[in-house]
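First up is the structure itself, then whatever we jot down about it.
The values are calculated or read from the model by the stated rules, or taken from the named source; none is laboratory data. Every value quoted in this text rests on a predicted model; they were computed, and no experiment measured them. Reconstructed Cβ throughout: ideal geometry from the backbone, glycine too, with neighbour counts over all protein chains shown.
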2 protein chains.
Amino acid sequence: MSKNLTKREVDYSKWYNELVVKADLAENSAVRGCMVIKPYGYAIWEKMQAELDRMFKETGHENAYFPLFVPKSLFEAEEKNAEGFAKECAVVTHYRLQNDPDKPGKLRVDPTAKLEEELVVRPTSEAIIWNTYKGWIQSYRDLPLLINQWANVVRWEMRTRLFLRTAEFLWQEGHTAHATKKEAISEAMLMQKVYAEFAENFMAMPVIKGSKSESERFAGADETYTIEALMQDGKALQAGTSHFLGQNFAKAFDVKYTSKEGKQEYVWATSWGVSTRLIGGLIMTHSDDLGLVLPPKLAPIQVVIVPIYKGEEQLEAISEKVDVFVKELRKRGVSVKFDARDTFRPGAKFAEYELKGVPIRIAIGKRDLENNTVEVARRDTLEKQIVSQGNVVDVVSNLLDEIQENLFSKAKKYREEHTTVVNTFEEFKNAIDNVGGFVSAHWDGTTETEDKIKELTKATIRCIPLNNKFEEGTCVLTGEKSSQRVLFAKAY
Amino acid sequence: MSKNLTKREVDYSKWYNELVVKADLAENSAVRGCMVIKPYGYAIWEKMQAELDRMFKETGHENAYFPLFVPKSLFEAEEKNAEGFAKECAVVTHYRLQNDPDKPGKLRVDPTAKLEEELVVRPTSEAIIWNTYKGWIQSYRDLPLLINQWANVVRWEMRTRLFLRTAEFLWQEGHTAHATKKEAISEAMLMQKVYAEFAENFMAMPVIKGSKSESERFAGADETYTIEALMQDGKALQAGTSHFLGQNFAKAFDVKYTSKEGKQEYVWATSWGVSTRLIGGLIMTHSDDLGLVLPPKLAPIQVVIVPIYKGEEQLEAISEKVDVFVKELRKRGVSVKFDARDTFRPGAKFAEYELKGVPIRIAIGKRDLENNTVEVARRDTLEKQIVSQGNVVDVVSNLLDEIQENLFSKAKKYREEHTTVVNTFEEFKNAIDNVGGFVSAHWDGTTETEDKIKELTKATIRCIPLNNKFEEGTCVLTGEKSSQRVLFAKAY
């Protein structure tokens with residue numbers, strides 16, 4: 001398989017699919033719509049998990065684990081939630097296979113092993129969790145209940161794409177219970193903030209915090225808070241959502257608590273999640289025609305060292321020099337790989353680590369041995385510099401910070417250049433079709449207009465930005481009065 | 001619910017079930033046989049995961065993720081494996097629910113959304129993984145392939161018990177591919193060793209390493225290596241297994257590699273796993289009639305501090321003193337909880353932390369303030385001592401090590417006292433019925449005899465110990481010649 005990728009400007013979608021496979025991140029499996037996450041892709045997910053998990057714990061959450069299956073009777077209890085997920089869910093109906101009498105060596109479902117009640121493979125866990133919370137919550141003393149789960153979920157999507165939309169995906173789902181509406185809303189917004197900080201500080205992916213319009217809300221939520229990122233092709237990506245669920249699940253599962261005043265009250269709820277979809281966002285925010293570009297804070301390998309040598313003796317001399325600064329780098333928590341394989345030429349290694357997005361590459365050859373230098377190349381700008389061996393540790397440490405910052409500012413600049421404020425529908429269409437990215441426009445607040453705009457332009461309301469300025473205006477489509485602008489974009 | 005547990009000698013099984021629920025480790029869910037792992041139980045699992053994951057990576061393994069579902073045609077490819085798991089597997093047959101026309105507000109399976117091919121929820125992942133490895137392995141350069149997965153699996157067991165045997169459980173499954181038989185066997189034995197080290201050094205649970213008799217082997221394995229622990233009620237627990245799979249899966253999925261000599265060869269395989277069952281083993285190795293006893297290395301809270309105070313002023317004075325050594329303890333990596341809740345009395349807190357197995361409890365009251373002392377109580381022996389505040393850090397650090405060691409030696413002593421060498425069937429039955437634990441006996445090597453012994457005594461062969469001494473003897477049941485003793489026990 002050629003290592004050369006389709007160029008982004010030729011076919012962005014093809015570039016993405018090729019990159020995911022060639023950089024060894026993931027591949028399609030024998031199960032329709034389900035992916036295999038390969039070790040290199042999974043290592044990025046592990047880094048994401050570690051940071052998010054730390055942030056969740058710092059904000060008072062604990063992890064737990066709830067069943068994979070949701071009995072049908074629980075699944076259907078919260079009507080809107082059920083309606084939202086029923087159309088695309090995997091259903092377990094039997095608990096045994098038997099030898100197929102007609103086909104030797106083959107198995108078939110045992111018709112006598114039919115479940116009395118079907119089990120839905122969780123597409124999200126509100127139902128099974130709120131049914132459990134009923135037993136955990138009696139009094140105000142049991143609140144707030146702040147729980148997170150790392151798990152796999154299944155949504156039988158018809159059109160799938162590696163990381164971005166898969167039938168099974170990995171995620172975390174927080175499910176919290178509160179005594180008051182105010183506290184639940186604060187929690188939902190806090191977690192939106194945590195997600196935004198993670199996206200910006202670790203993924204170097206700028207995001208806009210906002211709330212969803214009614215038609216884009218999570219099924220069963222009263223309000224959905226979102227973080228929206230912009231990909232290099234001008235399409236938006238919903239990167240994480242946090243929902244204020246009101247008392248919908250508390251009522252569906254009859255979860256009440258006794259207040260300090262001795263009254264029985266329904267509990268208020270939130271849920272929030274991010275998934276392996278983030279890896280898709282990471283790829284499409286920074287990568288280029290040569291391959292992945294990873295922000296140092298999430299790169300499984302931050303620095304790769306490639307020796308350029310002839311014969312064992314030279315390799316040994318190089319290894320000796322390299323050992324000195326590798327030890328020091330590792331002491332500082334930098335992950336370093338020394339690739340001395342003799343089965344590949346240096347050029348092939350350079351291409352491989354470019355494809356895999358390793359932030360810094362150090363090359364060291366015969367001349368460097370003589371001059372006590374190394375060549376340091378950064379993946380983001382492809383710039384190279386000659387550095388004396390005594391300075392490598394400081395240069396690399398600073399460079400890692402610089403790359404992290406550069407990726408963020410570059411992505412932010414791209415977003416600024418691809419955010420257009422429009423006042424007429426003509427301008428709207430022009431911005432969507434010819435500029436791409438976010439379009440800030442007045443909207444009359446109706447689902448009807450939202451649908452019509454989507455039909456005409458394929459753009460949807462990504463969010464009503466948080467801390468939006470209120471200003472008088474008129475809807476770009478209908479001319480009706482509007483008091484604030486919202487952000488539209490075509491989206492993944 | 002009363003906090004008092006049934007005593008172990010009255011009903012061990014009842015004691016276990018009560019303890020798991022009352023110590024907030026886990027509970028049964030609305031899904032038959034599936035448990036909810038509560039935050040305190042999950043925190044123990046996280047500690048186990050962290051150590052195991054580190055050990056796997058140190059031995060060269062990487063993590064990846066494979067699909068939850070196994071298409072029926074892949075599931076049935078390796079005949080013995082399929083036969084072993086077909087009888088108890090969850091089968092997905094449909095991908096949609098719809099409104100039930102006969103029951104308003106209820107859903108039913110949409111008969112038009114039947115899958116062409118049924119999907120089995122993975123009971124273990126050899127089939128889906130070896131079908132994937134086919135695409136990853138071409139040459140000897142691609143070997144060895146050393147991969148681990150953290151995942152949930154489902155086995156439709158009829159009789160379930162929290163942690164010990166549940167329909168869904170969490171585990172890790174390693175799946176490796178090798179060029180030679182020798183290398184694969186070494187890998188399988190290496191992972192058995194890693195498991196044994198984890199069990200003994202972290203869980204403080206002594207284990208016996210051995211191999212399984214043919215009838216107790218994993219379905220599809222040529223050899224199963226096991227670690228066997230002994231519980232306080234004299235029953236054995238299979239705590240982890242590592243399988244040499246021969247070329248069975250390589251042949252079923254046609255996975256060949258080109259050797260250095262240019263020949264096409266089938267690949268050799270291993271798989272190995274431990275699960276949340278380990279938590280059951282942990283509980284039944286150390287805990288007592290007051291509740292859990294946790295080894296310090298896996299305790300989510302290692303030290304709890306309970307202030308005994310009247311009024312805010314005294315609490316403040318105590319907090320000030322406590323802060324000094326808490327900071328120092330945390331700096332040393334000790335996890336400390338200061339429980340100043342005013343909603344519970346000190347006695348209730350003492351009982352709660354005893355129930356939850358916190359290794360060390362520190363109490364500090366008015367007299368301690370005057371004397372600059374604290375009371376330090378250890379959970380394992382229930383011994384208390386008065387310690388001057390200046391010495392708390394050292395005393396606690398040493399005590400944590402001492403408790404870890406004490407738990408291990410106590411468990412080892414119990415096992416030694418419950419291992420009986422027998423030479424006649426009379427002695428065998430007597431040992432199984434009246435002593436419990438392991439019985440070391442000669443066996444003629446046939447499955448027939450093994451089955452007969454099981455029928456007569458309920459004891460099974462737990463393992464043929466590694467590095468077994470060879471000695472002439474005669475089978476306890478049949479009197480046939482035998483060259484080595486094997487270990488029998490009743491088991492979970």
Confirm whether A:Glu126 is more than 10 Å from chain B (Cβ to nearest Cβ) and of a type in the set (D, E, K, R).
yes
Some residue of the stretch B:330-339 being polar (S, T, N, Q) and assigned to a helix (DSSP H, G or I):
no
Considering only the stretch B:151-168, state which residues are more than 9 Å from chain A (Cβ to nearest Cβ) and farther than 21 Å from A:Leu107 by Cβ.
B:Arg159, B:Thr160, B:Arg161, B:Leu162, B:Phe163, B:Leu164, B:Arg165, B:Thr166
If we keep only residues of the stretch A:50-66 that are more than 8 Å from every other protein chain (Cβ to nearest Cβ) and closer than 22 Å to A:Phe218 by Cβ, then the residue surrounded by the most Cβ atoms within 10 Å (Cβ to Cβ) is A:His61
Flag for B:Trp45 being outside any loop (DSSP other than H, G, I, E, B), in contact (Cβ under 8 Å) with a residue 40 or more places away in the chain and touching a strand residue (DSSP E or B) at 6+ places or on another chain (Cβ under 7 Å)
yes
Considering only residues that are in contact (Cβ under 8 Å) with a residue 60 or more places away in the chain and in a helix (DSSP H, G or I), which ones fall in the stretch B:32-42?
B:Tyr40, B:Gly41
Being more than 7 Å from chain B (Cβ to nearest Cβ) and not in a strand (DSSP E or B) is the filter here, so list the residues in the stretch A:106-120 that pass it.
A:Asp110, A:Pro111, A:Thr112, A:Ala113
With the condition kept exactly as written, say whether any residue in the stretch B:312-330 is of a type in the set (Ser, Thr, Tyr) and more than 29 Å from B:Ala167 (Cα to Cα).
yes
Could you tell me whether the stretch A:301-313 includes any residue that is buried (at least 16 other Cβ atoms within 10 Å of the Cβ) and part of a helix (DSSP H, G or I)?
no
Only residues that are in contact with a Phe, Trp or Tyr (Cβ under 9 Å, 6 or more places away or on another chain) and surrounded by 12 or more Cβ atoms within 10 Å (Cβ to Cβ): list them for the stretch B:321-335, please.
B:Val322, B:Val326
Within the stretch A:55-100, work out how many residues are in a strand (DSSP E or B) and among the charged types (D, E, K, R).
1
In the set A:Lys7, A:Lys22, the lone residue that is of a type in the set (D, E, K, R), surrounded by fewer than 16 Cβ atoms within 10 Å (Cβ to Cβ) and more than 7 Å from chain B (Cβ to nearest Cβ) is A:Lys7
Does A:Phe408 meet the test of being within 25 Å of A:Lys337 (Cβ to Cβ) and under 31 Å from the mean Cα position of the chain (by Cα)?
yes
Being in contact with a strand residue (DSSP E or B) (Cβ under 9 Å, 6 or more places away or on another chain), surrounded by 16 or more Cβ atoms within 10 Å (Cβ to Cβ), touching a residue at least 12 places away in the same chain (Cβ under 8 Å) and not aromatic (Phe, Trp, Tyr): is that true of B:Glu480 here?
no
Filter pass, A:Ala188 being of a type outside the set (S, T, N, Q), outside any loop (DSSP other than H, G, I, E, B), modelled with pLDDT of 95 or more and crowded, with 19+ Cβ neighbours inside 10 Å:
yes
I'd like to check something: does the stretch B:193-205 contain any residue that is touching a strand residue (DSSP E or B) at 6+ places or on another chain (Cβ under 8 Å), β-branched (Val, Ile, Thr) and in a helix (DSSP H, G or I)?
no
I need the full set of residues from the stretch B:398-445 which are in contact (Cβ under 8 Å) with a residue 24 or more places away in the chain, closer than 15 Å to B:Leu456 by Cβ and among the polar types (S, T, N, Q), in order please.
B:Thr424
Can you pull out the residues in the stretch A:129-141 that are more than 8 Å from chain B (Cβ to nearest Cβ), within 34 Å of the chain's Cα centre (by Cα) and over 23 Å from A:Ala167 (Cβ atoms)?
A:Trp130, A:Tyr133, A:Lys134, A:Trp136, A:Ile137
Mind listing whichever residues of the stretch A:238-268 are assigned to a loop (DSSP other than H, G, I, E, B) and under 21 Å from A:Met191 (Cβ atoms)?
A:Gln247, A:Val255, A:Val267
Counting only residues that are buried (at least 20 other Cβ atoms within 10 Å of the Cβ) and either without any contact (Cβ under 8 Å) to a residue 12 or more places away in the chain or of a type in the set (Asp, Glu) (or both), which one in the stretch B:337-370 is farthest from B:Val303 (Cα to Cα)?
B:Asp368
From the options B:Ser319, B:Ser271, residue that is in a helix (DSSP H, G or I) and of a type in the set (Ser, Thr, Tyr):
B:Ser319
Does the stretch A:67-105 hold any residues that are at the interface with chain B (Cβ under 9 Å from one of its Cβ atoms) and of a type in the set (A, V, I, L, M), and which are they?
A:Leu68, A:Val70, A:Leu74, A:Ala82, A:Ala86, A:Ala90, A:Val91, A:Val92, A:Leu97
Every residue in the stretch A:121-147 that is more than 22 Å from B:Val153 (Cβ to Cβ) and not in a helix (DSSP H, G or I), please.
A:Ile137, A:Gln138, A:Ser139, A:Leu143, A:Pro144, A:Leu145, A:Leu146, A:Ile147
Note down all Cβ pairs under 7 Å where the first residue falls in the stretch B:380-396 and is over 26 Å from B:Thr285 (Cα atoms), the second is hydroxyl-bearing (Ser, Thr, Tyr), and they're at least six residues apart or on different chains.
B:Ile386/B:Thr373; B:Val387/B:Thr373; B:Ser388/B:Thr373; B:Gln389/B:Thr373
Do we have any residue at all in the stretch A:193-215 that's among the charged types (D, E, K, R), out of contact with any Pro (no Cβ under 9 Å at 6 or more places or on another chain), over 19 Å from A:Asn81 (Cβ atoms) and modelled with pLDDT of 95 or more?
yes
Filtering the stretch B:375-386 down to residues that are under 36 Å from the mean Cα position of the chain (by Cα) and assigned to a strand (DSSP E or B), which residue is nearest to B:Gln302 (Cα to Cα)?
B:Arg378
Can you tell me which of (1) within 26 Å of A:Ile37 (Cα to Cα); (2) surrounded by 18 or more Cβ atoms within 10 Å (Cβ to Cβ); (3) at the interface with chain A (Cβ under 9 Å from one of its Cβ atoms) is the one B:Ser29 doesn't meet?
(1)
